[in-house]
Amino acid sequence: MSDVIDRPLAEQEAKSRLRIIDCDVHPSLHSRADLNPFLTKRWQEHLKTYGDHLRTPYIGTTPYPRSSPLIARRDAWPPTGGPPGSDLAFMRKQHLDPLDIEFGILQVLDLFIFSQQNLEFGAAIQRAVNEWQLANWCSREPRLKASILVGQDDTEAAIAEIERCAKDKRFVQVLMLVMGDMPLGKRAYWPIYAAAERLGLPIGIHAGSNYHNPPTSVGWGSYHIEDYVAQAQAFQTQLTSLIVEGVFARHPNLKMVMLESGFTWLPPFLWRLHKFWRGIRMETPWVDRAPLEIVRSNIRFSLQPIDAPPDPQVLNRLFDHMQSDELLLFSTDYPHWQFEGDAALPDGISSDLVRKIMIDNPYATYTRLKQPAVQETRP
């Protein structure tokens, strides 16, 4: 990874060694039983008795192809057994150490965590997963930082969990899904955003769905590829909602990170949004800045997966169209398979932009990374 940074070795060691920040790392449960130590007896029995069926139109409980569990790298399966991303020692050996990762931000994605119709059970599961992150990952590896999982459709419980977890500086963001029950700009979510802004936590919006609604705007598709491609459309829809509903007018200091959203769609999307914002801005007078300005100040995008042609000239032209070098955050999506080997960065990026993506932009977004990891007692 360091070979792509065009600086003398001594300067690299002084300025870059153990400075790379990976904003999208996926740890995995071995099984649901991993959560039992963090669940009360009631919820342990509930999970054992009722299971975790999601009641979705998909066959099974995950949209990933059965022949490619978690769409993981072929070399990401731990030699000790368990699914990719479930073995900390193997993650250190394969990912954290070779890439000189100073901080990796955990994004726990398991559909049953977000998709429970029983909101009380869902809140118990989310709390258990938050505690599991600390006990099994952050406490054992200080380079790893956690995201606060919340049930975005249970506002009161979400705020309580954010306030509980925020006392521990190892939590560096709040994590939500891009596809929930309604557009993320709706006022029902504003108290969650207010809590995150007050506590200095960005909101991470990750690709994925609770599958209460179809993943496309015109209904249920037949194939996995339809779901996968529709994720980018969901991010566009949510970005429009967040801007025109006035979330950032009300919460100007709130940062949101679009995770696994892609980014090549951003320039034409903003051109279109800007055109219609100018034409009918009287409908939303609280949007007093151009959409591009709002994105520059409040929105960030993870690097992987890169949905761009391999030609470096095309990619650099795209960066020019984005009109900012502060929008992208380095990510690998480990252990998912988005690139070959350790080639997480595309070719042809200038050394200045590499540093912005790998180091400066993540630090500016996740301000808790610069703070001492003070652990406070949480109830």
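The values are calculated or read from the model by the stated rules, or taken from the named source; none is laboratory data. This one's a predicted model, so the numbers in the text were calculated from it and none came from an experiment. Note that we place each Cβ from the backbone using ideal geometry, even for glycine, and neighbour counts take in every protein chain shown.
Numbers at a glance
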quantity: Hits in the range 47-76 (condition: within 29 Å of Met358 (Cβ to Cβ), at pLDDT 70 or above and crowded, with 19+ Cβ neighbours inside 10 Å); calculated: Arg73, Ala76
quantity: Residues being under 18 Å from the mean Cα position of the chain (by Cα) and under 27 Å from Lys370 (Cβ atoms) - total across the range 133-160; calculated: 13
quantity: The range 176-200: number of residues that are surrounded by fewer than 20 Cβ atoms within 10 Å (Cβ to Cβ), in contact with a His (Cβ under 8 Å, 6 or more places away or on another chain) and assigned to a loop (DSSP other than H, G, I, E, B); calculated: 1
quantity: Criterion (in a helix (DSSP H, G or I), of a type in the set (A, V, I, L, M), touching a residue at least 24 places away in the same chain (Cβ under 8 Å) and within 23 Å of Leu109 (Cβ to Cβ)) met by exactly one of Leu369, Leu270; calculated: Leu369
quantity: Conditions (1) within 19 Å of Pro268 (Cβ to Cβ); (2) modelled with pLDDT of 90 or more; number of the one not met by Gln313; calculated: (2)
quantity: Residues (among the charged types (D, E, K, R), surrounded by fewer than 19 Cβ atoms within 10 Å (Cβ to Cβ) and in a helix (DSSP H, G or I)) located in the range 157-175; calculated: Glu163, Arg164
quantity: Subset of the range 332-343 (residues that are of a type outside the set (A, V, I, L, M) and either surrounded by fewer than 15 Cβ atoms within 10 Å (Cβ to Cβ) or at pLDDT below 80 (or both)); calculated: Trp337, Gln338, Phe339, Glu340, Gly341, Asp342
quantity: Residue match in the range 274-293 (condition: in contact (Cβ under 8 Å) with a residue 60 or more places away in the chain, under 25 Å from Tyr366 (Cα atoms) and surrounded by 15 or more Cβ atoms within 10 Å (Cβ to Cβ)); calculated: no
quantity: Candidates Pro309, Pro305 - the one that is surrounded by 14 or more Cβ atoms within 10 Å (Cβ to Cβ) and part of a loop (DSSP other than H, G, I, E, B); calculated: Pro305
quantity: Total residues in the range 236-254, condition in a loop (DSSP other than H, G, I, E, B) and crowded, with 18+ Cβ neighbours inside 10 Å; calculated: 3
quantity: Subset of the range 299-310 [modelled with pLDDT under 90 and either more than 21 Å from Phe330 (Cβ to Cβ) or hydrophobic (A, V, I, L, M, F, W, C) (or both)]; calculated: Ile306, Ala308
quantity: Any hit, the range 282-298, residues being modelled with pLDDT under 90, on the phi < 0 side of the Ramachandran plot and in a helix (DSSP H, G or I); calculated: yes
quantity: Criterion (modelled with pLDDT of 95 or more and closer than 25 Å to Met358 by Cα) met by exactly one of Trp190, Trp137; calculated: Trp137
quantity: Of the criteria (1) over 19 Å from Gly185 (Cβ atoms); (2) of a type in the set (Phe, Trp, Tyr); (3) at pLDDT 95 or above, which one Phe248 fails; calculated: (1)
quantity: Residue satisfying all of: in the range 319-331; part of a helix (DSSP H, G or I) and out of contact with any Phe, Trp or Tyr (no Cβ under 8 Å at 6 or more places or on another chain); surrounded by the most Cβ atoms within 10 Å (Cβ to Cβ) among these; calculated: Phe319
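For (1) aromatic (Phe, Trp, Tyr); (2) in a helix (DSSP H, G or I); (3) buried (at least 23 other Cβ atoms within 10 Å of the Cβ), each residue gets a yes or a no:
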residue: Leu99; (1), (2), (3): no, no, no
residue: Ile105; (1), (2), (3): no, no, yes
residue: Phe121; (1), (2), (3): yes, yes, no
residue: Ile125; (1), (2), (3): no, yes, yes
residue: Pro142; (1), (2), (3): no, no, no
